[in-house]
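Chemist: Here's a structure for you.
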Amino acid sequence: MSFWNPSSPFSIFNIFTLLGGLALFLYGMKIMSQGLEKLAGGKLESLLKKMTSNPLKSMALGAGITIAIQSSSAMTVMLVGLVNSGIMSLGQTVGVIMGSNIGTTLTAWITSLAGIDGGNFFMTLLKPSSFSPLVALIGILLIMAAKSDKKRSVGSIGIGFAILMFGMGFMSDAMAALPGVPGFSDVLTAFNNPLLGVLVGAVFTGVIQSSAASVAVLQGLAGTGQISFAMAFPIIMGQNIGTTVTAAISSIGVNKSAKRVAVVHAAFNIIGTVLFLIAYGIVYLVVPELPLFSKAIDEFGIAISHTVFNVATTLILLPCSKLLVLIAEKLVKDTKGKEETAEEVCFLDKRLFATPSIAVSECNARTAEMAKIAEEAITHARAYLKHPTESERNLILAYEDKLDKYEDALSRYLVALSARALSDRDSRETAKLLHSVGNLERIGDHAVNILKVADEIADKKLAFSPAADRELAVLDRATRDILSLTVDTFCRTDAVAAGKVEPLEQVIDHLIAEIRSRHISRLQKGNCTVEMGFILADLLTNYERVSDHCSNLAVAVIEAVSQSDTAGAHAYLQEVKNSYDFNEVYEHYMTEYAL
């Protein structure tokens, strides 16, 4: 029999089929993972926000998110990104990592369905090869015909599942001929050495960077009936070590805390493997003829063994969470003489692109921080206008510099993120944030402009008239309130509260027009100077621009919530100005901020 002869029991074409099946499995896994992640959407973020120091809750969270995105590797890479960004601490990740190892066992149970063997209709229907074509048909119909993003995501999950199972079928078919290959049994005998099994499992999983695919290949091999428990279990242990390679690669170029996440992941799996190897060796020495060792293992047996190993390892090491953190800290030591500044971990990590909904939600959180900084900048600029001090000046300039950095980093990040496959909700949120960061940065610029106006007044030893002071106090109060309302609205994504921003912006426009008119009247009566008129005009322009940016931010919030297009901003403003609610709120503000 020739390896190159197509009629041989196992030829080069079987290898082609095996590799093609592996490729389909990995691709189907990716498609299904993306669909599940889109379907989960912001729920992943809300789960993360419930993170506590309680290891059990963290473990449940890790298992839940891994089941949702169907990838423990993606989960760990996401944790590296979150720690690198300063969003999470190392201690919070330990329970999540343990839980993700349990969550990843679901894939093995799904692929084990390929091993179902039964003569009746219902048992045959449970075989993926029987229902996968139907799942694929439903999936493609949803993708092509559904208008809802959720339904299209469900369609993607169906297509991904079907591709994954077809890949599994190809791998099983390719390996079905292996028992007829001369010397195959001799090769398998070598795997009775548990250390070799661990090594092979670790290397193979590390190369393809998917423990799910590695387990699926092992299940396909188990379908030949030639794999015993004694051969399979060490390979399963090695697969858990190999899956840590992805996190190790993702930790290149990150801060020490993020590197420690990869170390915790590796330490957890290595310690678990060592403990089980010791227990396995003791049992083998005491009862070498135990029937379990020599018994052939099938696809379900692989799934059971995979689950038992991961659950037992987690239960054993869960009380030792602090020990894993200590090991990571010992292996990745603090660099003496080089402290990481807040700026180095200030902005989001591109590793979060693996789970776009998390990346979008964290961008939202950072933009909310930016909004609060902008509000603080204007607050201190208003204080500087009344009582200029060097400390206030330095604070305003620092705020403006920070806003510039936030705007630059967030804009770049959001543009890169928008190129990813996002759900409709995440696309709207990304558009809102891209529209908002520029407005927030400009508010910081106006704070600096107000500072310059204050400097000019102080340098020239000028002063507003008592009447102008009273009018500016009312305008200042209105500007303070619209900024506070806008920031609160933006941080909570409250469309109802956002609807109150535009009436107040119109009142501020009216106040500014009235103050300008009164200034001209005082100028004509000789109660004010032309020079003070220029200063007043600069100040009013900056107040007006701040309120305009507040209006833009409120519109962005409303459009994100109402699922409308940003291009319709002018149409929205025109529509809202003609509504009864607008006029009622407008009249209320006119009374409250009367000159």
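Chemist: Just give me the residues in region 433-475 being part of a helix (DSSP H, G or I), polar (S, T, N, Q) and open to solvent by 20 Å² or more (accessible area, probe 1.4 Å), in sequence order.
Modeler: Initially, region 433-475 is screened for residues part of a helix (DSSP H, G or I), giving 433-459, 466-475.
Now restrict to residues that are polar (S, T, N, Q): 436, 439, 449.
Matches in region 433-475: Asn449 only.
Chemist: Report, by residue number, each residue of region 476-508 that is small (Gly, Ala, Ser) and part of a helix (DSSP H, G or I). So that I can check it myself, show each step before the final result.
Modeler: Filtering region 476-508 for residues small (Gly, Ala, Ser) gives 478, 484, 495, 497-499.
Selection gives Ala478, Ser484, Ala495, Ala497, Ala498.
Chemist: Return the residue satisfying two criteria in turn: it lies in region 150-189 and is surrounded by fewer than 18 Cβ atoms within 10 Å (Cβ to Cβ) and farther than 28 Å from Gln226 by Cβ, and of such residues it is modelled with the highest pLDDT. Step through it out loud before you land on a result.
Modeler: Applying the first criterion (surrounded by fewer than 18 Cβ atoms within 10 Å (Cβ to Cβ)) to region 150-189 yields 150-151, 173, 176-177, 179-189.
Narrowing further to those that are farther than 28 Å from Gln226 by Cβ: 150-151.
Numbers: Lys150: 78, Lys151: 84.
If we take residues in region 150-189 being surrounded by fewer than 18 Cβ atoms within 10 Å (Cβ to Cβ) and farther than 28 Å from Gln226 by Cβ, then Lys151 is modelled with the highest pLDDT.
Chemist: Turning to a different aspect of this structure: For region 10-32, what are the residues that are open to solvent by 50 Å² or more (accessible area, probe 1.4 Å) and modelled with pLDDT under 75?
Modeler: Phe13
Chemist: Return yes or no: is Ala398 among the aliphatic types (A, V, I, L, M) and more than 30 Å from Cys528 (Cβ to Cβ)?
Modeler: On the way: among the aliphatic types (A, V, I, L, M): yes; more than 30 Å from Cys528 (Cβ to Cβ): yes.
Answer is yes for this residue.
Chemist: Before we move on, is Arg420 at pLDDT below 95, of a type outside the set (A, V, I, L, M, F, W, C), surrounded by fewer than 23 Cβ atoms within 10 Å (Cβ to Cβ) and not in a helix (DSSP H, G or I)? Explain how you work it out, then say what you get.
Modeler: Working: at pLDDT below 95: yes; of a type outside the set (A, V, I, L, M, F, W, C): yes; surrounded by fewer than 23 Cβ atoms within 10 Å (Cβ to Cβ): yes; not in a helix (DSSP H, G or I): yes.
Spelling it out, Arg420 is indeed at pLDDT below 95, of a type outside the set (A, V, I, L, M, F, W, C), surrounded by fewer than 23 Cβ atoms within 10 Å (Cβ to Cβ) and not in a helix (DSSP H, G or I).
Chemist: Taking region 287-333 as the region of interest, how many residues are in a loop (DSSP other than H, G, I, E, B) and surrounded by fewer than 16 Cβ atoms within 10 Å (Cβ to Cβ)?
Modeler: Just the residues of region 287-333 that are in a loop (DSSP other than H, G, I, E, B), to begin with: 287-290, 295, 297-298, 332-333.
Checking the rest, the ones that are also surrounded by fewer than 16 Cβ atoms within 10 Å (Cβ to Cβ) come to 287-290, 295, 333.
Number satisfying all stated conditions: 6.
Chemist: Give the residue, chosen from Ile97, Ile102, that is part of a helix (DSSP H, G or I), open to solvent by less than 10 Å² (accessible area, probe 1.4 Å) and either over 28 Å from Pro319 (Cβ atoms) or at pLDDT 80 or above (or both).
Modeler: None of the others qualify; the one that does is Ile97.
Chemist: Just one of Val261, Val254 is surrounded by 17 or more Cβ atoms within 10 Å (Cβ to Cβ), in contact (Cβ under 8 Å) with a residue 24 or more places away in the chain and either in contact with a Cys (Cβ under 6 Å, 6 or more places away or on another chain) or not in a helix (DSSP H, G or I) (or both); which is it?
Modeler: Details: Val261 fails: either in contact with a Cys (Cβ under 6 Å, 6 or more places away or on another chain) or not in a helix (DSSP H, G or I) (or both).
Just one listed residue meets the conditions, Val254.
Chemist: Within region 273-298, take every residue that is at pLDDT below 85 and of a type in the set (Phe, Trp, Tyr) and give me the one that is nearest to the chain's Cα centre (by Cα).
Modeler: So, considering only residues that are at pLDDT below 85 and of a type in the set (Phe, Trp, Tyr), the one nearest to the chain's Cα centre (by Cα) is Tyr280.
Chemist: Here's another thing I want to ask about it. Select from region 511-540 the residues that are polar (S, T, N, Q) and open to solvent by less than 50 Å² (accessible area, probe 1.4 Å) and list them in ascending order.
Modeler: So the first thing to find is which residues in region 511-540 are polar (S, T, N, Q), and the list is 517, 521, 524, 527, 529.
Within region 511-540, Ser521 is the sole residue that qualifies.
Chemist: While we're looking at this one, here's another question. If you scan region 198-217, which residues turn out to be more than 22 Å from Gly301 (Cβ to Cβ) and either of a type in the set (S, T, N, Q) or crowded, with 24+ Cβ neighbours inside 10 Å (or both)?
Modeler: Gln209
Listed here are the residues, each with its yes/no results for (1) in contact (Cβ under 8 Å) with a residue 12 or more places away in the chain; (2) touching a helix residue (DSSP H, G or I) at 6+ places or on another chain (Cβ under 6 Å); (3) among the β-branched types (Val, Ile, Thr).
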{"position": "Lys350", "(1), (2), (3)": "yes, no, no"}
{"position": "Thr355", "(1), (2), (3)": "yes, yes, yes"}
{"position": "Glu362", "(1), (2), (3)": "yes, no, no"}
{"position": "Glu375", "(1), (2), (3)": "yes, yes, no"}
{"position": "Thr379", "(1), (2), (3)": "yes, no, yes"}
{"position": "Leu385", "(1), (2), (3)": "yes, yes, no"}
{"position": "Pro388", "(1), (2), (3)": "yes, yes, no"}
{"position": "Arg393", "(1), (2), (3)": "yes, no, no"}
{"position": "Ile396", "(1), (2), (3)": "yes, yes, yes"}
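Chemist: Sticking with this one: Got at least one residue in region 479-499 being closer than 18 Å to Glu592 by Cα, among the aliphatic types (A, V, I, L, M) and open to solvent by less than 10 Å² (accessible area, probe 1.4 Å)?
Modeler: Within region 479-499, one or more residues are closer than 18 Å to Glu592 by Cα, among the aliphatic types (A, V, I, L, M) and open to solvent by less than 10 Å² (accessible area, probe 1.4 Å).
Chemist: Shifting gears a bit: Please enumerate the residues belonging to region 492-503 that are touching a Leu at 6+ places or on another chain (Cβ under 7 Å) and closer than 29 Å to Gly533 by Cα.
Modeler: Val501, Glu502
Chemist: Cys528 fails exactly one of the following numbered conditions: (1) touching a residue at least 60 places away in the same chain (Cβ under 8 Å); (2) part of a helix (DSSP H, G or I); (3) under 26 Å from Asn449 (Cα atoms). What is the number of that condition?
Modeler: The number of the failed condition is (2).
Chemist: Within region 356-408, work out how many residues are farther than 14 Å from Gly444 by Cα, aliphatic (A, V, I, L, M) and surrounded by 20 or more Cβ atoms within 10 Å (Cβ to Cβ).
Modeler: Counting residues in region 356-408 that are farther than 14 Å from Gly444 by Cα, aliphatic (A, V, I, L, M) and surrounded by 20 or more Cβ atoms within 10 Å (Cβ to Cβ) gives 3.
Chemist: Right, something else. Against the condition surrounded by 14 or more Cβ atoms within 10 Å (Cβ to Cβ), modelled with pLDDT of 85 or more and under 39 Å from the mean Cα position of the chain (by Cα), how does Ser564 come out, does it pass? Please lay out each step first, then the result.
Modeler: Numbers: surrounded by 14 or more Cβ atoms within 10 Å (Cβ to Cβ): yes; modelled with pLDDT of 85 or more: no; under 39 Å from the mean Cα position of the chain (by Cα): yes.
For Ser564, the condition - surrounded by 14 or more Cβ atoms within 10 Å (Cβ to Cβ), modelled with pLDDT of 85 or more and under 39 Å from the mean Cα position of the chain (by Cα) - is not met.
The values are calculated or read from the model by the stated rules, or taken from the named source; none is laboratory data. Nothing here was measured: the structure is a model prediction, and the numbers come from that model. All Cβ positions, glycine included, derive from the backbone under ideal geometry; neighbour counts span all protein chains shown. For the accessible areas, the whole protein counts, side chains as well, though only heavy atoms, and no ligand, DNA or RNA atoms are used. Shrake-Rupley method; radii C 1.70, N 1.55, O 1.52, S 1.80 Å.
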